[in-house]
Amino acid sequence: MEDCLAKKMEITVSEAEKRTGRNAMNIQETYTAYLIETRAVESQSEGHCAPVDSLWRRYSEFELLRNYLSVTYPHIVVPPLPEKRADFVWHKLSADNMDPDFVERRRIGLENFLLRVASHPVLCQDKIFYAFLTQEGGWKEMVNETGFQLKADSRLKALNATFRVKNPDKRFTELKHYSDELQSVISHLLRVRARVADRLYGVYKVHGNYGRVFSEWSAIEKEMGDGLQSAGHHMDVYAASIDDILEEEEHYADQLKEYLFYAEALRAVCRKHELMQYDLEMAAQDLTSKKQQCEELATGTVRTFSLKGMTSKLFGQETPEQREAKIKVLEEQIQEGEEQLKSKNLEGRDFVKSAWADIERFKEQKNHDLKEALISYAVMQISMCKKGIQVWTNAKECFSKM
């Protein structure tokens with residue numbers, strides 16, 4: 001962790017800008033670009049003010065970076081990007097991906113993504129990631145030249161592996177189940193939060209009616225007028241404060257959403273392990289089949305029904321020379337298969353070791369982050385309740401002076 005990029009470089013996504021341009025289909029589109037600023041930390045510690053390097057990136061470029069990292073480092077729980085379009089929002093907030101408040105929260109989420117990657121002991125050393133931060137022109141070409149798309153596993157292949165693996169690793173099966181449960185629980189929590197936010201909005205805004213009524217009442221009262229007017233003012237201020245409060249609450253919701261998306265990153269690691277296990281089992285099955293064929297040719301006995309066996313009976317046996325040639329080919333294939341199986345076994349063991357180390361790192365991070373987010377959310381709710389008590393305390397004092 002001492003060598004991670006986050007220790008050597010300050011990384012910020014400092015602003016977002018709405019732009020208009022033409023896409024690959026030459027169709028005009030509106031999009032948001034984000035300004036990434038970086039500054040070396042070492043020169044600052046020496047008392048020098050390092051210059052700030054900056055460049056603009058689109059959300060689609062962040063997506064390309066994450067796809068590259070996911071394919072290149074399949075054993076790593078790659079940090080997720082913030083949502084492209086708002087979800088689980090209470091209905092008073094806009095779900096438009098061009099809404100300024102949503103763009104601002106996404107800006108914060110993109111900065112968090114970069115900091116997560118820069119703090120990761122493996123991902124932070126990736127040259128493509130470093131180029132993403134420092135090289136604006138030609139970066140896409142650099143990514144495509146890696147050929148990472150060719151390494152990406154198809155969904156059909158992954159689905160096939162899920163259903164056909166005979167000996168799945170229990171740890172990864174349990175992890176996959178956990179990620180499904182985590183996603184379900186956080187989704188439900190976000191829905192509940194959105195409903196609570198909506199009701200709070202209603203409660204706060206109704207206090208504005210108190211303000212209006214007290215103000216109207218004060219106009220017809222001589223002795224009580226000032227007290228009623230003051231109480232109404234406190235109610236109006238309280239009602240107006242809900243917009244800023246619930247906008248702040250959305251940031252806590254975004255922290256929960258990050259782990260909603262992390263659940264999919266966990267499943268991606270599990271799927272990769274299933275694919276590797278499936279390939280291993282297929283290689284072992286193919287090797288066993290070739291050994292059996294070789295034995296049958298050598299002994300002249302056929303253990304199982306086969307089309308070749310029927311053909312031999314109909315058209316006669318092969319000559320010794322033909323049989324020897326086939327045995328030689330099979331022996332070469334068996335040798336290759338044994339080496340391939342050995343290589344796949346070694347690759348599988350390395351994957352499990354690396355993946356599990358990163359999963360343990362992720363679990364520690366998750367426990368720390370969710371604990372902080374939930375405590376902050378509770379503190380905010382307590383603060384909101386205290387404001388409500390204070391408003392009614394102030395109103396009580398106003399009524400007492402009437």
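Quick check, is Ser60 modelled with pLDDT of 80 or more and either within 24 Å of the chain's Cα centre (by Cα) or within 23 Å of Val78 (Cβ to Cβ) (or both)? If you could, list the steps in order and put the result at the bottom.
Working: modelled with pLDDT of 80 or more: yes; either within 24 Å of the chain's Cα centre (by Cα) or within 23 Å of Val78 (Cβ to Cβ) (or both): yes.
Yes; evaluated as a whole, the condition is true for this residue.
Rundown of residues vs (1) more than 37 Å from the chain's Cα centre (by Cα); (2) modelled with pLDDT of 90 or more, yes/no style:
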| residue | (1), (2) |
| --- | --- |
| Arg303 | yes, no |
| Lys313 | yes, no |
| Glu331 | yes, no |
| Glu336 | yes, yes |
| Arg349 | no, yes |
| Val379 | no, yes |
| Cys385 | no, yes |
| Trp392 | yes, yes |
| Lys401 | yes, no |
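Mind listing whichever residues of the range 38-57 are aliphatic (A, V, I, L, M), open to solvent by 40 Å² or more (accessible area, probe 1.4 Å) and modelled with pLDDT of 85 or more? Walk me through it before giving the result.
Quick first cut of the range 38-57, residues aliphatic (A, V, I, L, M) only: 40-41, 50, 52, 55.
Filter once more, keeping what is open to solvent by 40 Å² or more (accessible area, probe 1.4 Å): 40-41, 52.
Residue satisfying the conditions is Ala40 alone.
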Looking at the range 240-267, which of the residues that are farther than 30 Å from Gly388 by Cα and aromatic (Phe, Trp, Tyr) is surrounded by the fewest Cβ atoms within 10 Å (Cβ to Cβ)?
Phe261
On the basis of being modelled with pLDDT of 90 or more and not hydrophobic (A, V, I, L, M, F, W, C), does Arg164 make the cut?
no
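Given the condition open to solvent by 20 Å² or more (accessible area, probe 1.4 Å), within 18 Å of Ile245 (Cβ to Cβ) and modelled with pLDDT of 85 or more, answer yes or no: does some residue in the range 68-79 qualify? Working first, answer last.
Here is the first cut: in the range 68-79, the ones open to solvent by 20 Å² or more (accessible area, probe 1.4 Å) are 70-75.
Subset that is within 18 Å of Ile245 (Cβ to Cβ): none.
Checked against the condition, which is being open to solvent by 20 Å² or more (accessible area, probe 1.4 Å), within 18 Å of Ile245 (Cβ to Cβ) and modelled with pLDDT of 85 or more, the range 68-79 yields no hits at all.
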Of all residues in the range 153-174, how many are of a type outside the set (Val, Ile, Thr) and open to solvent by less than 50 Å² (accessible area, probe 1.4 Å)?
4
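Yes/no matrix, rows are residues, columns are (1) at pLDDT 95 or above; (2) polar (S, T, N, Q):
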residue	(1), (2)
Phe113	yes, no
Leu123	yes, no
Gln135	no, yes
Met142	no, no
Glu145	no, no
Leu156	no, no
Among the numbered criteria (1) within 42 Å of the chain's Cα centre (by Cα); (2) closer than 19 Å to Thr288 by Cβ, which one does Ala355 miss?
(2)
Subset of the range 81-101 [over 22 Å from Glu136 (Cα atoms) and modelled with pLDDT of 85 or more]
Glu83
With the condition kept exactly as written, say whether any residue in the range 137-147 is closer than 17 Å to Glu37 by Cα and in contact (Cβ under 8 Å) with a residue 12 or more places away in the chain.
yes
Would you mind stating whether Tyr204 is open to solvent by 60 Å² or more (accessible area, probe 1.4 Å), within 25 Å of Glu248 (Cβ to Cβ), hydroxyl-bearing (Ser, Thr, Tyr) and over 21 Å from the mean Cα position of the chain (by Cα)?
no
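Is it true that some residue in the range 234-243 is acidic (Asp, Glu) and outside any helix (DSSP H, G or I)?
Start the filter on the range 234-243 by keeping residues that are acidic (Asp, Glu), which leaves 236, 243.
Pick out the ones that are also outside any helix (DSSP H, G or I) and you get none.
No: the range 234-243 contains no residue that is acidic (Asp, Glu) and outside any helix (DSSP H, G or I).
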I'd like to know if the range 319-340 contains one or more residues that are open to solvent by 50 Å² or more (accessible area, probe 1.4 Å), of a type in the set (Val, Ile, Thr) and not in a helix (DSSP H, G or I).
yes
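Would you check which residues across the range 208-230 are assigned to a helix (DSSP H, G or I) and basic (Lys, Arg) and list them? Please lay out each step first, then the result.
As a first pass, look at the range 208-230 and keep what is assigned to a helix (DSSP H, G or I): 208-218, 225-230.
Scanning the range 208-230 gives a single hit, Arg212.
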Go through the range 111-139 and count every residue that is surrounded by fewer than 19 Cβ atoms within 10 Å (Cβ to Cβ), in contact with a strand residue (DSSP E or B) (Cβ under 8 Å, 6 or more places away or on another chain) and part of a helix (DSSP H, G or I).
3
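The values are calculated or read from the model by the stated rules, or taken from the named source; none is laboratory data. None of these values were measured; they are calculated from a predicted model. Glycine also receives a Cβ, built like all others from the backbone with ideal geometry; neighbour counts cover every protein chain displayed. Areas reflect the complete protein model, heavy atoms only, side chains present, ligands, DNA and RNA absent. Shrake-Rupley method; radii C 1.70, N 1.55, O 1.52, S 1.80 Å.
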